[in-house]
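Before any comments, here is the structure.
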Amino acid sequence: MRLDCYTVGNYIPGAPYWKQLLWYFFGSPLVQSRLLPMSGLKVLLLRTFGAKIGQGVRIKPGVRIKFPWRLIVGDYVWIGEDTWIDNLALVTIESHVCLSQGVYLCTGNHDWSHPNFQLITAPIYIEESSWIAAKAVIGPGVTIGRGAVLTLGGVASSSLEPMTIYAGNPAQAIKQRKLGIESAG
């Protein structure tokens with residue numbers, strides 16, 4: 001490959017340059033900050049930069065988000081410490097999803113067979129009630145089905161079926177997920 005010939009092709013970041021600079025120098029450091037533990041302020045800041053975020057969202061310290069204007073988050077989502085949402089393309093996280101510590105959501109990759117290492121992007125979609133465990137990785141173009149679990153360190157390079165538990169690299173189905181719901185008496 002010829003990295004001296006690399007270009008981003010027709011890819012655009014999706015926001016004016018001034019907004020990208022404000023996010024890079026002001027917004028992103030505040031969201032990542034370990035000195036600002038309050039989720040409400042982080043949510044407000046992300047919304048100011050174009051993220052669509054529901055109610056009751058918890059954002060822990062160290063969370064990195066590439067482009068908030070390419071982020072949709074439902075209600076009561078937990079985003080754990082040191083999670084990296086590398087969203088060159090849209091990332092949608094439905095309600096009641098837990099992203100544990102150190103999760104990496106990667107929407108961009110490169111074509112290793114292209115002579116100029118061409119950039120390829122694709123969205124990530126995480127459906128309701130899913131759990132992405134610590135240090136797991138989700139690749140471009142992946143949909144995580146409703147209620148699916150990707151276990152510790154799992155790597156999802158293709159979509160995961162609903163209500164199924166996956167483990168390993170690449171992620172393989174290991175069993176069906178059963179939810180025990182107790183009534184509040």
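The values are calculated or read from the model by the stated rules, or taken from the named source; none is laboratory data. For clarity, every value in this text was computed on a predicted model and none was experimentally measured. So basically every Cβ, Gly included, is an ideal-geometry build from the backbone, and we count neighbours across all protein chains shown.
Brief remarks on what is shown
- Test: S33 is surrounded by fewer than 16 Cβ atoms within 10 Å (Cβ to Cβ), more than 25 Å from P162 (Cβ to Cβ) and in contact with a helix residue (DSSP H, G or I) (Cβ under 9 Å, 6 or more places away or on another chain): yes
- Every pair of residues 6+ apart whose Cβ atoms lie under 7 Å, when the first sits in the stretch 7-30 and is on the phi < 0 side of the Ramachandran plot while the second is assigned to a helix (DSSP H, G or I) and polar (S, T, N, Q): P13/Q20
- Restricting the stretch 44-76 to residues that are in a loop (DSSP other than H, G, I, E, B) and touching a residue at least 40 places away in the same chain (Cβ under 8 Å), the residue that is surrounded by the fewest Cβ atoms within 10 Å (Cβ to Cβ): G54
- Residues of the stretch 85-95 that are buried (at least 17 other Cβ atoms within 10 Å of the Cβ) and not β-branched (V, I, T): D86, N87, L88, A89, L90, E94.
- Selection count where residues are assigned to a loop (DSSP other than H, G, I, E, B), touching a strand residue (DSSP E or B) at 6+ places or on another chain (Cβ under 7 Å) and under 18 Å from G141 (Cβ atoms), scope the stretch 98-122: 4
- Taken over the stretch 77-97, the criterion of being of a type outside the set (A, V, I, L, M, F, W, C), out of contact with any Asp or Glu (no Cβ under 6 Å at 6 or more places or on another chain) and not in a strand (DSSP E or B) is satisfied by G80, E81, D82, T83, N87.
- Restricting attention to the stretch 1-42, the residues being in a loop (DSSP other than H, G, I, E, B), closer than 17 Å to A89 by Cα and at pLDDT 90 or above number 6.
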